[in-house]
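Here's the structure, in structure tokens; my notes come after.
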Protein chains: 4
Amino acid sequence: MRIRFITTGGTIDKIYFDALSAFEVGESVIEHILTEGLVDFEYDVVSLFQKDSLEIGDDDRQVLREFIAKDDATHYVITHGTDTMPETGQALDGLDGKTIVLTGALTPARFKTTDAVFNVGMAVATVQAAKPGVYIAMSGQVFEAGAVRKNRAENRFEPIDRN
Amino acid sequence: MRIRFITTGGTIDKIYFDALSAFEVGESVIEHILTEGLVDFEYDVVSLFQKDSLEIGDDDRQVLREFIAKDDATHYVITHGTDTMPETGQALDGLDGKTIVLTGALTPARFKTTDAVFNVGMAVATVQAAKPGVYIAMSGQVFEAGAVRKNRAENRFEPIDRN
Amino acid sequence: MRIRFITTGGTIDKIYFDALSAFEVGESVIEHILTEGLVDFEYDVVSLFQKDSLEIGDDDRQVLREFIAKDDATHYVITHGTDTMPETGQALDGLDGKTIVLTGALTPARFKTTDAVFNVGMAVATVQAAKPGVYIAMSGQVFEAGAVRKNRAENRFEPIDRN
Amino acid sequence: MRIRFITTGGTIDKIYFDALSAFEVGESVIEHILTEGLVDFEYDVVSLFQKDSLEIGDDDRQVLREFIAKDDATHYVITHGTDTMPETGQALDGLDGKTIVLTGALTPARFKTTDAVFNVGMAVATVQAAKPGVYIAMSGQVFEAGAVRKNRAENRFEPIDRN
């Protein structure tokens, strides 16, 4: 099996510049996480954007969707900012034969304590174990895209209550 | 969904005592990993053994199997030493209605660099995404128990070639 | 020997809130660093401010100076933001019988990679080994206060060239 | 100022091989620690031994002493196993014009939690701030060689009571 990782920016890749006292999206940490995870599968990493997810718009989502539609891979893990991850998940709906898992982090991977490594581990397992479709792996859970939202006040992902 | 974690020892939980210059299995790190992963599901942790997996014998496997058979939970993540993880996986075969994922670590979770967090992330996703059965989540891959072995020389898990 | 630690805020104690995408000064990490350093001396920690050092003004420096002047301890390590650490060092000049070492961090102690632990180690050694006076321990060096500046462009502390 | 680091092995540099379930002394971590400490001074690193300190004998100490005696540097930080660090410190006594600080770690630098970074920070400050002589920087304290012992039961360094 081969996994194609697509990075789009977000908190998972944020770095901190003291001079500015500001955060910016830096080089992706995905290869570092996979190396530390001692993974033994084939993969490559494509960097499409380096954006905070609040800056990712419908045009960007269309670029991402078309990239995957025309691409020859079948298994994707996409790292993405958390604020609009559910919207991007829905924008990728209906791509036949593609298994797509979005993940990211609530705290930067460059922190001592971060959910990034755990989340990428979840995404890598989900892309192998699930049938084609679009999923979000966050907060220790695997959600189908369209059935999940970010609860900003509680800083977690949760199922949409559809009663 | 509720996940029951069962710890049995192994490298994932190893600690180092300078006085002895030796490793021993210590308190489980599983709750620390789940807290860092910012998980938001119900779980509990049962400690059955604290053994190096080379010391886990058929009697222990029988204890583990009976514990799960009589237990009311349906989703299990078992942390286990790597050397005999495949044998334990096979010993748990055929428990109806139970989804069981074994994982562990090739380097202790208490190291700066460890595969433990990534692996537990994989196991947590697999136990949610897979149908009932027994799985091993190691080396970045999800294997069915019975179809995997540890390659000690290469220090990785790989599929059994069944030609 | 007894060391009194005084925390004033700064990058060393910064934490990151995803909701705000902003950094704020959080609880001091000094006790965590000393515990990890396996130190075996008596100490206490006094929190005077929780400020970015650009917000520390002459009034604050006067408060700090008077606190130390009236205090019964003799050995102080002060954690402080880096931007105005040299100014604060000079403001503490001439307190008889007091050995005072200022330190901090160029990257937050809560990062995976940080200079905070190394710097606090330097400060703890300096306060024991140096004669009374005011020192700054940063960039792997021990400077006398008044003979050091922060080079913001290079993000390091360096001696003032007094030719 | 220029510091010459001499590595001799010990827990600070220990690595763990799962296949053997044993620890061995690995490549020195000293350069990694100095890089993380954002130090800005000139230094080089000489690796003399890679031994557990229980294996360092009087012959080794003589080799170390002669190396320093004939060497043109004046400031040394020596990383060393903790069990016989006091003996090595005493064996280096009386080298005129040399400031020598021994340090090491009670837990390996490759652990998530380690005293190695703090201790090297202490040693780097001591070698700059102290007058010529031989010192041991451990347990958060700077000791003169000859006035310190390792308390194995308590896993700490402490002053020798010379009443």
On the given criteria, is D:Leu64 under 28 Å from B:Ala109 (Cβ atoms), at pLDDT 95 or above and surrounded by 14 or more Cβ atoms within 10 Å (Cβ to Cβ)? no
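Test of understanding: among B:Asp71, B:Asp59, which residue is among the acidic types (Asp, Glu) and touching a residue at least 60 places away in the same chain (Cβ under 8 Å)?
Numbers: B:Asp59 fails: touching a residue at least 60 places away in the same chain (Cβ under 8 Å).
On inspection, the qualifying residue turns out to be B:Asp71.
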Say we look at the stretch B:31-45 and pick out the residues that are loosely packed, with under 15 Cβ neighbours inside 10 Å and not in a helix (DSSP H, G or I); which of these is farthest from the other protein chains (Cβ to nearest Cβ)? B:Asp44
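Going through B:Thr82, B:Thr74 one at a time, which residue ends up being over 25 Å from A:Val77 (Cα atoms) and out of contact with any helix residue (DSSP H, G or I) (no Cβ under 9 Å at 6 or more places or on another chain)?
Details: B:Thr82 fails: out of contact with any helix residue (DSSP H, G or I) (no Cβ under 9 Å at 6 or more places or on another chain).
Unique residue meeting the criteria: B:Thr74.
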If I ask for residues that are open to solvent by 10 Å² or more (accessible area, probe 1.4 Å) and on the phi < 0 side of the Ramachandran plot, which ones from the stretch C:91-105 would you list? C:Ala91, C:Asp93, C:Leu95, C:Asp96, C:Lys98
Subset of the stretch D:74-90 (residues that are touching a strand residue (DSSP E or B) at 6+ places or on another chain (Cβ under 9 Å) and open to solvent by 20 Å² or more (accessible area, probe 1.4 Å)): D:Thr74, D:His75, D:Asp83, D:Gln90
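Criterion first (under 15 Å from the mean Cα position of the chain (by Cα) and not in a loop (DSSP other than H, G, I, E, B)) does A:Val77 satisfy it? Before you say what the answer is, go through the steps one by one.
Details: under 15 Å from the mean Cα position of the chain (by Cα): yes; not in a loop (DSSP other than H, G, I, E, B): yes.
Here the answer is yes, as A:Val77 does meet what is asked.
Could you pull out every one of the strands (runs of 3 or more DSSP E) wholly within the stretch D:106-163 that has 1 or more residues that are at pLDDT 95 or above, at the interface with chain C (Cβ under 9 Å from one of its Cβ atoms) and open to solvent by less than 10 Å² (accessible area, probe 1.4 Å)? Even if it seems obvious, please write down each step before you answer.
Details: elements: D:133-138, D:141-144, D:148-151, D:156-159.
Answer list for the stretch D:106-163: D:133-138, D:156-159.
The values are calculated or read from the model by the stated rules, or taken from the named source; none is laboratory data. Quantities reported herein were computed from a predicted structural model and do not represent experimental measurements. Virtual Cβ from ideal backbone geometry, glycine too; neighbours counted across all protein chains shown. The protein model used for the area step is the full one, side chains on, heavy atoms only, and it has no ligands, DNA or RNA in it. Shrake-Rupley method; radii C 1.70, N 1.55, O 1.52, S 1.80 Å.
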